[in-house]
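Chemist: A single structure is presented below for examination.
Coordinate-derived values only; no laboratory data. Predicted model only: the values in this text are computed from it and were never measured. For neighbour counting, all protein chains shown are included, and Cβ atoms are generated from backbone atoms with ideal geometry for every residue, glycine included.
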Amino acid sequence: MKKILAVWITKFLIFAGKLAGKKGSSTPGAVALKICPDILKWLSGQVKGSIVAVCGTNGKTTTNNLLYSILKSQGKKVVCNNVGANMLEGVATTFISNTNFFGKLDADYACIEIDEVSTVKVFDHMVPNFMIITNLFRDQLDRYGEIDITIDFLKRAISKTGDITLILNADDPLVTAFGRETGKKCVYFGVGEDVGASLNETKEGRFCRFCGSELAYQFYHYSQLGNYGCIKCGFSRPAADFEALNVDLSDGLSFTVNNQEISVDYRGFYNIYNILAAYSAASLIGASLENVHKVLGEYKPQIGRMETFTIHGKPVILNLSKNPAGFNQTISTIASDSRKKDILVVINDNAQDGRDVSWLWDVDFERLGAVNASSFTASGIRFHDVLVRFKYAQLDNFSSEADVKAAILKCLEGDGEVLYVLVNYTVLFSTQKILKSLEGNK
């Protein structure tokens, strides 16, 4: 009875939350777990096929939703936390929302994005068959601390699993180290050639996890990602089972993987990794990849993943940029856009963002000086910090406007052909809501 009661109350809370205009992604699950602590264990055990957990600092949501799209295109019933509710309570809500009123779950697969720190808790309730780790970068210092802490959480979570297969980014030495440190079966994906995307940026994992020596690189892609090796102990990039070759970034993204050509109208080199991770997982669980090109072409990005609006006849691109590695890749994407741009940076420091915004100094804002920009505007709770960073980056024509809507309207009056709006976590949904309302008032 506790299980059924938990399902009923959770479904009611989800419905009530939607009526109130809320996402309703975590609170219902928290209530369900209080009523019936083993509700998630019970429901995840009803999944007929594989459960795939998706972890990593950047790219979780896109990778997870790409995998979901591939499976759904083949008529499979899939449990997926599409909007990124990736802590224990959000995962519980996701599963319950997919049941009938008697707690019956009819699902072929589950692909679940999980916050790295939350994996230890989630894996007590749900044990995946596969686990993707996309990358590991510094993120939210006051919550995660240094990367070693995040790695420790993931290792502890993996130790709770049995016959799990790890799907790892071969180009990230911090990620591939899990292959040796956990003893689990591993499959690797990566980019097998130098695509000329290297930046002069902070490389968090440039020292060998096993002997502490500095890694030698044949080439970098970005941050610590690339073709690396340790001269002292022999730790090196493993051969990738799913490897991108013949990469072309001139018009969207195109590359080959296992002799299959992929060509999509996506922006951002990092999306190659997201596609490879989803492709690898789909292949390993037995999904057909014959029509993957069509699925990728029809995929619509989730909120704030280079999401495009048209306001006053001008394209506005919203992108979540929450840590140095992700922000620097966004800057690279902006630099590849030849149009004249206005750039708005909105930074909050709420609990979900991390109170410490010193990471802004690890973002290569200096590169924005060469991206054909008309103006730079700072907004959000910490707009003063962004302004200071603009100043030290020696950018021209920068200003501030604390109110996000006013800042957007101000930028739209500029002479740029496109407006880029770069935001962190807690301002993402409110900014999207503003952009939707402005787009609706054409």
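Chemist: Pairs of Cα atoms under 8 Å, at least six residues apart: use those to get the relative contact order of the chain, whole percent. Don't skip to the end; give the middle numbers.
Modeler: Details: 910 pairs, mean separation 55.3, N = 442.
Reported as a whole number, the value is 13 percent.
Chemist: Continuing with this model, one more query. Listed highest first by mean packing, meaning other Cβ atoms within 10 Å per residue, what order do 11-20, 53-62, 311-320 come in?
Modeler: With the highest mean Cβ count within 10 Å placed first, the list reads 53-62, 311-320, 11-20.
Chemist: Tally the DSSP beta bridges in the chain and give the antiparallel ones as a percent, rounded to 5.
Modeler: Values: 21 of 64 bridges.
DSSP beta bridges in the chain are roughly 35 percent antiparallel.
Chemist: Normalise the Debye intensity by I(0) for the stretch 307-440, one equal point scatterer per Cα, no solvent, then take log10 at q = 0.13, 0.21, 0.22 Å⁻¹ and round to two decimals.
Modeler: Log10 I(q)/I(0), no solvent term: -0.46, -1.35, -1.51.
Chemist: Once you have the Cα-Cα distance between I35 and E366, take 0.36 nm times their residue separation minus that, and quote the gain in nm to one decimal. Each step should come with its number before you reach the end.
Modeler: Working: separation 331, 0.36 × 331 = 119.16 nm, distance 5.21 nm.
Between I35 and E366, full extension yields 113.9 nm more.
Chemist: Could you grab the relative contact order for the stretch 150-294? Cα pairs under 8 Å, six or more apart, rounded to a whole percent.
Modeler: Values: 239 pairs, mean separation 28.6, N = 145.
Contact order relative to length: 20 percent.
Chemist: Another one. Using the charge dipole of the stretch 94-164 (Lys, Arg: +1 at Cβ; Asp, Glu: -1 at Cβ; taken about the Cα centre), state which of F123, N100, L136 has its Cα farthest towards the positive end.
Modeler: The residue sitting most towards the positive pole is N100.
Chemist: Please arrange W359, W8 by counting, for each residue, the other beta carbons lying within 10 Å of its beta carbon, fewest first. Don't jump to the answer; show the numbers that get you there.
Modeler: Working: W359 21, W8 16.
In order of increasing Cβ crowding within 10 Å: W8, W359.
Chemist: Still on this model: Using Cβ counts within 10 Å as a stand-in for footprinting exposure, how do T426, T150 rank, fewest first? All intermediate terms of the calculation are to be shown ahead of the outcome.
Modeler: On the way: T426 17, T150 24.
Listed from fewest to most nearby Cβ atoms, that is T426, T150.
Chemist: Taking only the alpha-carbon atoms of the stretch 327-405, what semi-axes of the equivalent ellipsoid follow from 5 times the gyration tensor eigenvalues under a square root, in whole Å, largest first? Display every interim value, and only then the final one.
Modeler: Details: eigenvalues 84, 38, 27 Å².
Taking √(5λ) for each Cα gyration eigenvalue gives 20, 14, 12 Å.
Chemist: Okay, next question. Which whole number in µm²/s is D for the stretch 1-124 by Stokes-Einstein, with the Kirkwood Rh taken over Cα pairs at 10 °C and 1.306 mPa s?
Modeler: Working: Rh = 14.4 Å.
This corresponds to a translational diffusion coefficient of 110 µm²/s.
Chemist: Got a sec? Charge dipole of the stretch 366-442, +1 on Cβ for Lys and Arg, -1 for Asp and Glu; which of A378, G414, S430 is way out at the positive end?
Modeler: S430
Chemist: Work out, in µm²/s and without decimals, the Stokes-Einstein translational diffusion coefficient of the stretch 136-196 at 25 °C, 0.890 mPa s, Rh from Kirkwood over C-alpha pairs.
Modeler: Details: Rh = 12.8 Å.
This corresponds to a translational diffusion coefficient of 191 µm²/s.
Chemist: Once a ≥ b ≥ c are taken as the square roots of the eigenvalues of the Cα gyration tensor of the stretch 40-298, is the result rounded (a/c under 1.5), prolate (a/b larger than b/c) or oblate (a/b not larger than b/c)? The partial results should precede the final answer.
Modeler: Details: a/c = 1.93, a/b = 1.28, b/c = 1.51.
Oblate, because a/c is 1.5 or more while a/b does not exceed b/c.
Chemist: Same structure, new question: Can you list the DSSP H helices in the chain whose Cα atoms extend at least 15 Å along the helix axis and whose mean Kyte-Doolittle hydropathy is -0.5 or higher? Walk me through the numbers on the way to the answer.
Modeler: Numbers: long enough: 2-19 (26 Å, 1.15); 60-72 (18 Å, -0.24); 147-158 (17 Å, 0.86); 270-284 (22 Å, 0.75); 324-335 (16 Å, 0.35); 425-440 (24 Å, 0.21).
Once both thresholds are applied, what remains is 2-19, 60-72, 147-158, 270-284, 324-335, 425-440.
Chemist: Fewest to most neighbouring Cβ within 10 Å: what's the order for E204, E417? Walk me through the numbers before you get to the answer.
Modeler: Working: E204 21, E417 15.
In increasing order of surrounding Cβ atoms, one gets E417, E204.
Chemist: I would also like to ask the following. Would you compute, from DSSP H runs of 4+ residues alone, the mean residue ellipticity of the chain at 222 nm, taking -39500 (n - 2.57) per run and dividing by the full residue count, rounded to the nearest 500?
Modeler: Values: 15 runs with 155 residues, N = 442.
After summing the helix terms and dividing by residue count, I get -10500 deg cm²/dmol.
Chemist: Once you order the gyration tensor axes a ≥ b ≥ c over the Cα atoms, which shape class does the stretch 361-416 get: rounded for a/c under 1.5, otherwise prolate or oblate by comparing a/b with b/c?
Modeler: Numbers: a/c = 2.41, a/b = 1.19, b/c = 2.03.
Note, shape of the stretch 361-416 comes out oblate.
Chemist: Using the crude model of +1 on Lys and Arg Cβ and -1 on Asp and Glu Cβ, and no other charge, please compute the dipole size for the stretch 350-436 relative to its Cα centre, in debye to 20. The partial results should precede the final answer.
Modeler: On the way: 9 positive and 12 negative charges, 61 e Å.
Computed charge dipole of the stretch 350-436: roughly 300 debye.
Chemist: K72 to S430: extension gain in nm, 0.36 nm per residue of separation minus the Cα-Cα distance? Can you show the working numbers first?
Modeler: Details: separation 358, 0.36 × 358 = 128.88 nm, distance 2.92 nm.
Here the answer is 126.0 nm.
Chemist: Expressed as a fraction of 2.2 N^0.38 Å, the rule-of-thumb size for a compact globular protein of N residues, what is the C-alpha radius of gyration of the chain?
Modeler: Numbers: Rg = 21.6 Å, N = 442, 2.2 N^0.38 = 22.3 Å.
Dividing the Cα radius of gyration by 2.2 N^0.38 Å gives 0.97.
Chemist: Check the chain for me: any Cys whose beta-carbon has no other cysteine beta-carbon within less than 4.7 Å?
Modeler: Those would be C36, C55, C80, C111, C186, C411, since no other cysteine Cβ in the chain comes under 4.7 Å of theirs.
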